[in-house]
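Asker: Please read through the structure below; I'll follow up with questions.
What follows draws every value from the coordinates through simple rules; no lab data is involved. It should be emphasised that the depicted structure is a prediction, and the values quoted were computed from it without experimental measurement. Reconstructed Cβ throughout: ideal geometry from the backbone, glycine too, with neighbour counts over all protein chains shown.
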Amino acid sequence: MELAATIAVTGWLALCAWWDYRLRLVPNWLTVSAIVAAASARLVTGSNEWLPWSLALLMLAAVLFGWLPGGDGKGLMALAIVSPSVLAAACTGAAVLQIVTRRKIPGFVGFFLGVLALGGWQMYQALRLG
């Protein structure tokens, strides 16, 4: 994923994390619009990889079976459509935050930190190689 897309996703996640931390919910207009934007971008670019779509369906199934809260699941669906590596970074960030703090932290806060770390790594690589 390009650095510009990572910055855009990180900004969206920062807004979602703030909302989730303050109110313990993320509004549908914020998550559903991200799914639509990510799906539209993937379709417009002609990227027909099956993995992002499969992971998004897996996140949908996790919500439908009650394994994930709805807001977190919709956010993870959007991240899966953007890129599997972004989804992995978000899930890793949430897991690490839960383990380190040993408290129930809103999911989007962990997602934000994970993707922020991925963006930092991408910037480091771009500066090192460029």
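Asker: Given the rule -39500 (n - 2.57) for each run of at least 4 DSSP H residues, summed and divided by the residues of the chain, what is its mean residue ellipticity at 222 nm, to the nearest 500 deg cm²/dmol? Kindly include the intermediate steps, with their values, before the conclusion.
Answerer: Details: 6 runs with 106 residues, N = 130.
That calculation yields -27500 deg cm²/dmol at 222 nm.
Asker: Put a dot 7 Å past each Cα toward the Cβ at Val96 and Tyr21; how far apart are the dots in nm?
Answerer: Output for this residue pair reads 1.7 nm.
Asker: Moving to a separate point now. Which ³J(HN,Hα) values, rounded to whole Hz and listed in residue order, are derived for segment 75-91 from phi using the Karplus coefficients 6.51, -1.76 and 1.60 in 6.51 cos²θ - 1.76 cosθ + 1.60 with θ = phi - 60°, glycine and proline given as x?
Answerer: With coefficients 6.51, -1.76 and 1.60, one gets x, 5, 4, 4, 5, 5, 5, 4, 5, x, 5, 5, 4, 5, 5, 5, 5 Hz.
Asker: Additional query: So what is the relative contact order for segment 3-129, in percent, with contacts set as C-alpha pairs under 8 Å and at least six apart? Spell out each step's value before the answer.
Answerer: Values: 143 pairs, mean separation 41.1, N = 127.
Averaging sequence separation for qualifying contacts and normalising by length gives 32 percent for segment 3-129.
Asker: What's the magnitude of the charge dipole for the chain around its Cα centre, counting Lys and Arg as +1 and Asp and Glu as -1 at the beta-carbon? Answer in Debye, nearest 20. Don't skip to the end; give the middle numbers.
Answerer: On the way: 8 positive and 4 negative charges, 82 e Å.
Result for the chain is approximately 400 debye, rounded to the nearest 20.
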